[in-house]
Ligand code: NAD
């Protein structure tokens, strides 16, 4: 039987490309967006998320096979933190009971390579504490100062990738048989980046902080294909990952060793377990 997908941000860019891919495969797609969607909804506040979840589950007939959360903003405002973090986490939590009714439920969200960039730990912590009022107060403080406003977007994506990692192995997701993962694009050619890429100076400024040695700026389909796989039945064991599909920016920025945490784990349960193995 055809699978049913709920896709946020389906009206533009990556969400639109993903919806088009799935529709071409014969899937049923319920698009959620501010406009041009099956469900018109504003994911920036709790009421809009609740209404969006209820309407999307209704439109899907009560059972949802996969949720793909693409809706997002990139401006240096508190609204960006609300949509990029709570517009994903709260919506997923609300749709989860309908997902659990599927034979092969999946959830995939769009983070960013910006999750690797400098951020505001106070905002990341406030988001991860799931206290929206407190988090938005921190974000508004950052937004008020031009020096810190640009930390809001990377902070929202760092918190989102950490939320995925924190939740994915727990009872609600892995325990319910639902793979939960994220993709992290580099610079994708969509309306979100159109202004930035419109001038050679803008493009050079972007390229200085988002190195993409593999094929440069990417089309939305390069992310859509990954989202289709992550949310399809083939994905049975990927859990809590952020997949950097970013032309190489993760590799360039983080280098060849993201495993050394284990070398430094002296005194932790992990180090004790290794010591026993070696004995
Ligand atoms: P886009 O602007 O083309 O699409 C984003 C969509 O989200 C729009 O249709 C918009 O209406 C919707 N949206 C925004 N606020 C909303 C709200 N309050 N309620 C409901 N819908 C809302 O941008 P895109 O490039 O396709 O971005 C999709 C996702 O990919 C975002 O989460 C973005 O942060 C992420 N991303 C984009 C890039 C890039 O270079 N374009 C890179 C990394 C990550």
query = Taking the stated definitions as given, is residue 182 buried (at least 22 other Cβ atoms within 10 Å of the Cβ) and either near the ligand (Cβ under 10 Å from one of its atoms) or touching a residue at least 60 places away in the same chain (Cβ under 8 Å) (or both)?
reply = yes
ask   = Which of the helices (runs of 4 or more DSSP H) contained wholly in the stretch 11-127 include at least 3 residues that are within 19 Å of the chain's Cα centre (by Cα) and in contact (Cβ under 8 Å) with a residue 60 or more places away in the chain?
value = 13-24, 78-81, 87-99
task = Kindly provide the set of residues from the stretch 154-179 that are within 16 Å of the ligand (Cβ to nearest atom) and in contact with a strand residue (DSSP E or B) (Cβ under 7 Å, 6 or more places away or on another chain), ordered by number.
result = 160, 161, 164
query = In the set 252, 258, which member is part of a helix (DSSP H, G or I) and either modelled with pLDDT under 95 or farther than 23 Å from residue 170 by Cα (or both)?
reply = 252
inquiry  = For the stretch 52-83, which positions are surrounded by fewer than 16 Cβ atoms within 10 Å (Cβ to Cβ) and over 23 Å from residue 187 (Cβ atoms)?
reply    = 54, 58, 61, 62, 63
key: Residue selected from the stretch 128-137 under the condition touching a residue at least 40 places away in the same chain (Cβ under 8 Å) and in a helix (DSSP H, G or I), by the criterion surrounded by the fewest Cβ atoms within 10 Å (Cβ to Cβ)   = 132
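The values are calculated or read from the model by the stated rules, or taken from the named source; none is laboratory data. Quantities reported herein were computed from a predicted structural model and do not represent experimental measurements. Note that we place each Cβ from the backbone using ideal geometry, even for glycine, and neighbour counts take in every protein chain shown.
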